[in-house]
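> Okay, here's the structure, questions in a sec.
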Amino acid sequence: MYSKDGENYFIVDAHIALWDARPENIKNVQGQQFIDCFYDYHRNLSPESEVWSMEDYAYQGGERLMKDLFTDGYVDHAIFQPAHLGEFYHRGFGQTEEASALAAKHPDKLTYNHNFDPRNGEAGLDQLRADAERFGLKGVKLYTAEWHGDSRGWKLDDPMAYRYFELCRELGITNIHIHKGPTIRPLDRDAFDVADVDHVATDFTDLNFVVEHVGLPRLEDFCWIATQEPNVHGGLAVAMPFIHTRPRYFAQIIGELLYWIGEDRIQFSSDYALWTPRWLIEQFVDFQIPEDMSEYAPISTDTKKKILGLNAAKMYDIEVPAELRLPEADETETGPRQPEAADLASV
Amino acid sequence: MTTLAAAPAHEVTQDAVRRALDVVFDPELDEPITDLGFVRSVDIVGRDLEVHLRLPTSFCSPNFAYLMASDSQDALRALPGVGRVVVELDDHHDSAIINHGLATDAGYRGTFRHEAEDSLDELRHTFQVKAHTAAMERCLTALLRSDVDLTEAELGRVVLADLPDGHEKESLLRRRTTLGLGCQASAQVMVDQHGVGYEPRQVPMALRRARSTRISIDGNAHFCRGLLRTRYPGSGDDQTRRADGEEPSDPTFVPLSALLPRSQKESSP
């Protein structure tokens with residue numbers, strides 16, 4: 001929990017990882033390029049005092065993770081969202097055994113989500129059943145740009161993916177976190193297009209679809225589909241650290257999200273270990289929309305409380321102390337949140 | 001009578017190469033690759049050229065990477081007097097595939113084989129539409145802010161002649177031309193990619209959608225520029241200023257106070 005100025009914030013970090021990108025686990029040049037790319041994000045967007053060495057960045061281990069999140073980072077509960085990247089790393093990028101064991105040891109603090117890849121076909125469906133039982137899955141993290149043999153991406157509305165979503169429904173895996181990656185077949189179209197999220201969200205209204213990075217770099221496409229689908233949510237992974245280097249851009253991201261999808265469908269995350277939660281939470285609680293951006297209303301304390309933890313806690317049935325709970329906003333389910341300023345029905 | 005040895009006609013110079021590359025745009029960020037600092041090196045031997053490109057990350061989308069590299073090759077081959085042209089993309093996860101495709105003139109489908117279906121025309125068009133949408137929003141929001149009596153709903157009636165001359169209007173006209181929209185003074189500003197306008201009640205929503213597009217492009221542009229500077233130290237020297245979406249953390253940011261007339265600055269305590 002984080003407390004400031006007499007206000008208490010229940011914190012859920014909805015997107016964390018325990019990865020291993022040490023040299024002995026790197027399989028090929030792409031594995032090196034992938035962690036280098038993450039490290040450049042980290043160096044580019046972090047305050048100078050928060051920049052780690054590449055050695056620290058390549059692997060943290062459970063003990064350091066617990067310290068960064070729960071001892072130093074104000075986090076009450078965190079959710080693993082592992083990327084497999086089996087073509088780049090010998091033992092995968094996200095460390096399944098270590099992370100799931102850590103979650104089993106601290107069930108009050110950690111939830112382990114796993115992943116699946118529809119290109120694994122029927123065998124993958126059996127594996128998903130086994131994983132659901134082994135980990136007690138409530139959610140999965142899907143990375144559509146995962147490489148798999150000759151294929152370098154898949155779409156959520158591929159027929160085989162639908163079989164997996166049907167199985168998720170049957171197994172009670174209700175929270176589908178989606179990371180839109182930079183490569184998808186065919187290359188003819190925009191790789192970051194979120195149109196496939198629109199299709200699955202319409203066809204599986206009983207599943208929640210959390211689009212990570214709030215669709216960045218296609219914030220506008222994400223907002224447009226999310227405003228029309230009440231089961232599409234926005235995860236703030238990678239968007240959060242702009243609060244430090246590009247506060248005006250961050251204000252616009254939050255302003256747009258609050259306008260298009262409202263305060264009940266946005267989830268905070270540090271994207272650990274890309275960044276650590278402590279400074280992000282401190283800065284977010286202090287944050288306000290700049291005065292000259294009159295197109296956005298100021299962010300209220302209650303809205304910040306929902307984003308920082310209450311929204312994700314609700315989705316994952318994480319118990320929140322009674323005095324910290326808040327009711328849902330009395331708002332429209334779809335369409336912009338300031339209907340007096342715009343009329344969705346007319347478009 | 002002696003004659004000075006004039007530069008031979010059509011000599012290939014560094015400057016000529018870079019000016020030729022000014023027409024190559026990053027479609028997603030809507031800026032020339034020369035302004036973004038994506039041109040890493042230009043080597044000229046006689047009439048032969050070797051140009052290396054660089055991008056902000058190894059995982060930048062390969063379709064955009066290919067577009068910029070092949071557009072560069074086309075632009076350089078059109079240079080008068082040029083000999084052999086080699087364009088290479090450095091440090092990308094698909095460098096080997098793309099560079100091989102360029103060297104063998106394999107084209108888009110030959111380069112990406114089973115990953116390519118038809119062409120990149122649709123991709124290019126998608127981002128030309130977004131660039132127009134963003135340019136339109138910049139002009140209309142600026143007009144709205146400069147005229148307190150103007151309401152959002154009235155923006156649907158604004159025509160090109162109502163816009164003040166300047167960078168934003170020029171930018172809009174350029175994007176209209178790309179899409180084949182007319183640039184006559186009486187043309188409506190707020191139109192979709194087909195030139196169709198909006199009913200007054202649709203205007204506020206259309207403006208909000210356009211705004212989210214503009215925010216996205218500006219945000220991506222500055223983030224990509226920053227990542228390039230982090231990845232390649234010194235590359236910031238090759239970037240030109242982008243005023244749209246600029247923030248105090250940007251190396252080219254000029255605070256308003258620096259723009260005050262000298263007398264005012266001197267009289268302040």
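The values are calculated or read from the model by the stated rules, or taken from the named source; none is laboratory data. Worth saying up front: this structure is predicted, and the values here are computed from it rather than measured. Glycine also receives a Cβ, built like all others from the backbone with ideal geometry; neighbour counts cover every protein chain displayed.
> With A:Asp157, A:Asp131 as the choices, which residue is crowded, with 16+ Cβ neighbours inside 10 Å, free of Cβ contacts under 8 Å to residues at least 24 places away in the same chain and over 19 Å from the mean Cα position of the chain (by Cα)?
A:Asp131 is the lone residue from the list that is crowded, with 16+ Cβ neighbours inside 10 Å, free of Cβ contacts under 8 Å to residues at least 24 places away in the same chain and over 19 Å from the mean Cα position of the chain (by Cα).
> Ok, one more. Output the residue which, of all residues in segment A:224-261 that are among the small types (Gly, Ala, Ser) and crowded, with 23+ Cβ neighbours inside 10 Å, is farthest from the other protein chains (Cβ to nearest Cβ).
Within segment A:224-261, the match that is farthest from the other protein chains (Cβ to nearest Cβ) is A:Gly235.
> A follow-up question, please. Please find, among B:His52, B:His92, the residue that is in a strand (DSSP E or B) and either under 25 Å from B:Ala131 (Cβ atoms) or in contact with a Ser or Thr (Cβ under 6 Å, 6 or more places away or on another chain) (or both).
So the residue among B:His52, B:His92 that is in a strand (DSSP E or B) and either under 25 Å from B:Ala131 (Cβ atoms) or in contact with a Ser or Thr (Cβ under 6 Å, 6 or more places away or on another chain) (or both) is B:His52.
> Within segment B:95-122, which residues are acidic (Asp, Glu) and closer than 10 Å to A:Leu187 by Cβ?
Matches in segment B:95-122: B:Glu115, B:Glu117.
> Which numbered condition trips up A:Arg337, out of (1) under 30 Å from B:Cys224 (Cα atoms); (2) within 13 Å of chain B (Cβ to nearest Cβ)?
(1)
> Which members of segment A:75-93 meet the condition of being over 18 Å from A:Pro277 (Cβ atoms) and among the small types (Gly, Ala, Ser)?
A:Ala83, A:Gly86, A:Gly92
> Looking only at segment A:14-29, decide whether some residue is surrounded by fewer than 19 Cβ atoms within 10 Å (Cβ to Cβ), within 14 Å of chain B (Cβ to nearest Cβ), free of Cβ contacts under 8 Å to residues at least 40 places away in the same chain and out of contact with any Phe, Trp or Tyr (no Cβ under 7 Å at 6 or more places or on another chain).
Yes, that holds for at least one residue.
> Hey, another quick one. Could you please give the count of residues in segment A:67-85 that are in contact (Cβ under 8 Å) with a residue 12 or more places away in the chain and over 19 Å from the mean Cα position of the chain (by Cα)?
1
> Just to be sure I understand, how many residues within segment B:65-89 are away from chain A (no Cβ under 12 Å) and within 22 Å of the chain's Cα centre (by Cα)?
Looking only at that region, the number is 15.
Each row is one residue, and each column tells you yes or no for (1) under 30 Å from A:Cys37 (Cβ atoms); (2) at pLDDT 95 or above.
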{"position": "B:Lys169", "(1), (2)": "no, yes"}
{"position": "B:Leu172", "(1), (2)": "no, yes"}
{"position": "B:Thr178", "(1), (2)": "no, yes"}
{"position": "B:Gly182", "(1), (2)": "no, no"}
{"position": "B:Gln193", "(1), (2)": "no, yes"}
{"position": "B:Pro233", "(1), (2)": "yes, yes"}
{"position": "B:Glu247", "(1), (2)": "yes, no"}
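> Output yes when any residue across segment B:144-167 is surrounded by fewer than 15 Cβ atoms within 10 Å (Cβ to Cβ), within 20 Å of the chain's Cα centre (by Cα) and more than 11 Å from every other protein chain (Cβ to nearest Cβ), and no when none is.
yes
> Using the structure shown, decide if A:Ala312 is surrounded by 13 or more Cβ atoms within 10 Å (Cβ to Cβ) and in a loop (DSSP other than H, G, I, E, B).
no
> Name the residues in segment A:126-164 that are touching a Phe, Trp or Tyr at 6+ places or on another chain (Cβ under 9 Å), assigned to a helix (DSSP H, G or I) and closer than 19 Å to A:Gln81 by Cα, would you?
Those that are touching a Phe, Trp or Tyr at 6+ places or on another chain (Cβ under 9 Å), assigned to a helix (DSSP H, G or I) and closer than 19 Å to A:Gln81 by Cα: A:Gln127, A:Leu128, A:Asp131, A:Phe135, A:Ala161, A:Tyr164.
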